[in-house]
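Okay, structure first, notes after.
Values in this text are rule-based calculations from the coordinates and carry no lab data. Remember, it's a predicted structure, so these values are computed and weren't measured experimentally. Note: ideal-geometry Cβ built from the backbone for every residue, glycine included; neighbour counts use all protein chains shown.
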Amino acid sequence: MSTSDLKLSLMERLALVQDAGFLQRLKQIFDKELGTGDEFTDEELAELQEIDRRRKAGLDTYLSVEEAMPMLREGRWA
């Protein structure tokens, strides 16, 4: 059975499942094996916190896309 066939078979069977406990256990397996997709590593969180700290301290300035695009087109930099 190919991977595509296996996925289709599993999805068809999953669509018929009504047991919330069973579905929750499957979700836990997927989360453990694949991750939830919305988690940050410690390094990523530290980087985001540093960016936020610099922004709040006024050390870095940011432009909106509307402000930045004309400057880029004209070859100007902030």
How much length, in nm to one decimal, is gained on full extension between Leu72 and Leu45, taken as 0.36 nm per residue of separation minus their Cα-Cα distance? 6.7 nm
Under 1.5 on a/c is rounded, so check that first for the range 22-78, then, if it is not, pick prolate when a/b is larger than b/c and oblate when it is not; a ≥ b ≥ c are the square roots of the alpha carbon gyration tensor eigenvalues. prolate
I need the helices of the chain that pass two filters: whole DSSP H segments spanning 30 Å or more by Cα along the axis, and mean Kyte-Doolittle score no lower than -1.0. none
For the charge dipole of the chain, defined by +1 on Lys and Arg C-beta atoms and -1 on Asp and Glu C-beta atoms about the Cα centroid, which residue among Gly35, Pro70, Leu8 has the Cα displaced farthest towards the positive pole? Leu8
Computed from the beta carbon distance with a Förster radius of 35 Å, FRET efficiency for Val65 and Leu34 to the nearest 0.05 stands at 0.60
Label Leu26 and Asp5 with points 7 Å out from Cα along Cα→Cβ: what is the distance between them in nm? 2.1 nm
